[in-house]
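The values are calculated or read from the model by the stated rules, or taken from the named source; none is laboratory data. Everything numeric in this text was worked out from a predicted model, so none of it was measured. Virtual Cβ from ideal backbone geometry, glycine too; neighbours counted across all protein chains shown. Note: accessible area is taken over every heavy atom of the protein model, side chains too, but ligands, DNA and RNA are not part of it. Shrake-Rupley method; radii C 1.70, N 1.55, O 1.52, S 1.80 Å.
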Amino acid sequence: MSKKVAVILSGCGVYDGSEIHESSATYVHLSRAGAVTQFFAPDIDQMHVVDHVKGKPTEEKRNVLTESARIARGNIKDLKDLNVSDYDALIIPGGFGVAKNLSSWAVEGKDCSVEKAVERAFKGFHAAKKPIGLCCISPVLAAKLLPGCEVTVGCDTECEKWPYAGTAGAIKDLGCKHVNKEVHEVHVDKKNKLVTTSAFMCNSPIHEIFDGIGVFVTDVLKLI
């Protein structure tokens, strides 16, 4: 039987939702591997809406589930209806929506809270010993919910290639281990069945991001 993977989205667009290219790459690589993908998102308001031309917030209001449906081509369900027993693995792509809508990381950093439905899903898959894949900024969810886990968000030294390297320090402050990895690499925390990769935390060409997510998806499926 085909492996079934639940993918949690956080909106549509890098600055206020799911990173579209990471989400699409995840979908493509899951399809190529013969897995069945079901998208989920919480039915909540976004923290704010960002004009992606100007890079600035607007006064507009949008819903995370409604916006995520754009990426999922309508194949999406309310996250509160996710039943862990129906799926073999969980994947959460990146994008600032993870830090703004799935959690309050963007505002509170390591002192953030995680949206309740996200926490329930994450802890449910972990308790069931089913693999969880997190890319880009989404490993911060594991750092917050799973003390002592091992993750990567790329590099811990900020430079032009790694503009968000400070995230690694906050992960360490939460008592977790950060492992430096290149964009084409992943880190696998075998004890916790946790697979992480940097994706757009790295300033790399999009084809390298796509290929790195391919390695990431492959390693998630290997743990099933």
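Among the strands (runs of 3 or more DSSP E) confined to segment 125-203, the ones with at least 3 residues that are of a type in the set (A, V, I, L, M, F, W, C) are located at 132-135.
Residue-wise test of (1) touching a residue at least 24 places away in the same chain (Cβ under 8 Å); (2) surrounded by fewer than 23 Cβ atoms within 10 Å (Cβ to Cβ); (3) in contact with a Cys (Cβ under 6 Å, 6 or more places away or on another chain); (4) part of a loop (DSSP other than H, G, I, E, B).
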site: GLY74; (1), (2), (3), (4): no, yes, no, yes
site: LYS77; (1), (2), (3), (4): yes, yes, no, no
site: SER85; (1), (2), (3), (4): yes, yes, no, no
site: LEU90; (1), (2), (3), (4): yes, no, no, no
site: ALA99; (1), (2), (3), (4): yes, no, no, no
site: LYS110; (1), (2), (3), (4): yes, yes, no, no
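Among residues of segment 197-224 that are over 22 Å from ALA143 (Cα atoms) and open to solvent by less than 10 Å² (accessible area, probe 1.4 Å), those with a Cβ under 9 angstrom from a residue that is polar (S, T, N, Q) and modelled with pLDDT of 95 or more, sequence gap 6+ or separate chain, pair up as ILE209/SER198.
Here is a yes/no grid of residues against (1) more than 22 Å from ASP78 (Cβ to Cβ); (2) in contact with a Ser or Thr (Cβ under 8 Å, 6 or more places away or on another chain); (3) free of Cβ contacts under 8 Å to residues at least 60 places away in the same chain:
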site: MET1; (1), (2), (3): yes, no, yes
site: ILE8; (1), (2), (3): no, no, no
site: GLY11; (1), (2), (3): no, yes, no
site: TYR15; (1), (2), (3): yes, no, no
site: HIS21; (1), (2), (3): yes, no, no
site: ALA25; (1), (2), (3): yes, no, no
site: ALA35; (1), (2), (3): no, yes, no
site: GLN38; (1), (2), (3): no, no, yes
site: ASP43; (1), (2), (3): no, no, yes
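Within segment 2-18, the residues that satisfy the criterion of being part of a loop (DSSP other than H, G, I, E, B), touching a strand residue (DSSP E or B) at 6+ places or on another chain (Cβ under 9 Å) and open to solvent by 20 Å² or more (accessible area, probe 1.4 Å) are SER2, LYS3, VAL14, TYR15. Residues considered: CYS155, CYS149. Of these, the only one that is modelled with pLDDT of 95 or more, open to solvent by less than 50 Å² (accessible area, probe 1.4 Å) and farther than 26 Å from PHE125 by Cα is CYS155. Does segment 24-35 include one or more residues that are more than 29 Å from ALA165 (Cα to Cα), modelled with pLDDT of 95 or more and in a helix (DSSP H, G or I)? Yes, there is a match, as at least one residue in segment 24-35 is more than 29 Å from ALA165 (Cα to Cα), modelled with pLDDT of 95 or more and in a helix (DSSP H, G or I).
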